[in-house]
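Have a look at the structure below before the remarks.
Nothing in this text is a laboratory measurement; each read-out follows from the coordinates by a stated rule. From a predicted model like this one, the values you see are computed outputs, not experimental measurements. Counting neighbours? That spans all protein chains shown, and the Cβs are built from the backbone with ideal geometry, glycine included.
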Amino acid sequence: MSNATSSSLAFSSLDALPTQLAILDEEGVIVYTNRAWREFGNEHDYQGDSSSVGMNYLGVCDLSGATDATTASEGIRAVIDGERDSFSFEYPCETPDERLWFTMRATRFADDGETYVQVAHLDITDRKRAELEAEEKAERLQNLARMLSHDLRNPLSVAVGYVDSLLDEAVDADGLEQVAGALDRMDDIITDGLVLARHDAVGELSTVDLETRAAAAWEHVDTGSAELVVADSFEFRADPSLLGHVFENLFRNSVEHGARDDLTVRVGVLDGEQGFYVEDDGVGIPAEARDEVFEAGYTTGEEGTGLGLSIVAQAVRAHDWDIAVTEAENGGARFEITGVERPA
């Protein structure tokens with residue numbers, strides 16, 4: 001096999017790799033890139049020659065000033081200087097459409113007495129997303145375990161204490177009410193905890209009507225003297241079960257924290273019909289607390305489990321929607337859910 005044929009075969013094999021690959025000289029200047037490198041530049045509207053040949057890779061990293069770029073340039077320089085044989089690290093890459101993750105690996109080699117560095121960028125997005133999802137599930141289960149182990153112990157000890165006293169003396173109606181209340185709270189915590197642990201992904205999507213689903217959820221919540229008003233309605237795609245948890249927990253949050261007997265809860269369509277809102281005319285949520293309300297265990301009341309709004313946030317994320325909490329026109333709490341899918 002001739003040298004020319006061998007060289008052509010080598011470049012063809014590099015072009016066949018799915019990994020984005022570049023070869024730098026000792027100054028950090030790119031002398032070769034493979035097809036995957038060039039295609040990535042074209043797909044993401046790289047300004048300039050997508051091959052990047054002739055560009056100083058290290059200079060671009062230095063000009064960026066970003067932490068990941070600095071890490072890359074320092075690692076590559078260490079390889080060029082012989083301080084290490086190879087260098088690799090993981091980093092995120094923001095594109096106009098999504099967030100990707102890559103592993104960059106730099107390896108030194110010699111050719112005809114000259115030193116070069118091969119820089120390869122391997123797309124690990126699928127693996128990284130799976131890892132993040134697993135971490136989120138683990139954190140959710142840890143929160144559940146903490147809630148069940150801590151929050152259940154208090155009402156259980158109350159119930160056990162009153163039962164013991166009832167065994168030693170005549171049955172007391174007030175004592176029985178305390179036992180019933182403690183056990184009811186345990187049931188609430190278990191119910192919320194199981195929803196939080198199990199419902200992390202949407203099932204089959206259906207076309208649902210805002211008014212119908214909101215009214216059905218209202219019937220499942222102890223709303224006392226509060227009133228539900230559906231201002232307007234529209235159809236969108238959702239998992240009916242998870243959507244029910246969203247409405248029920250938002251309604252329960254309004255009733256428990258609205259701090260007024262004649263509370264009105266209003267549901268309606270956001271401008272542009274890209275989502276819907278649930279608001280009340282209660283006392284509202286202080287601005288400094290709005291970043292915390294969706295955390296598992298956060299509560300300002302004595303009756304709630306602290307899991308309701310965490311369940312809401314989880315159900316919203318499972319649909320790939322977004323949720324924000326703000327202030328209603330009348331000063332109450334307002335939750336806005338956006339990014340819903342309209343029927344085709």
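Of note:
- For the peptides 107-116, 260-269, 312-321, 85-94, residues were scored by their other Cβ atoms within 10 Å and the scores averaged per peptide; the highest-first order is 312-321, 260-269, 85-94, 107-116.
- Stretching the chain fully between residue 222 and residue 62 yields a gain of 51.6 nm (0.36 nm per residue, less the alpha carbon separation).
- Applying the criteria of a DSSP loop state and at most 10 other Cβ atoms within 10 Å to the GluC sites (Glu not before Pro) of region 201-269 yields 204.
- The residue among 82, 61, 122 whose Cα reaches farthest toward the positive pole of the charge dipole of region 47-124, with charges on the beta-carbon of Lys, Arg, Asp and Glu, is 82.
- Projected label distance in nm at residue 27 and residue 318, using a 7 Å step from Cα toward the beta-carbon: 5.8
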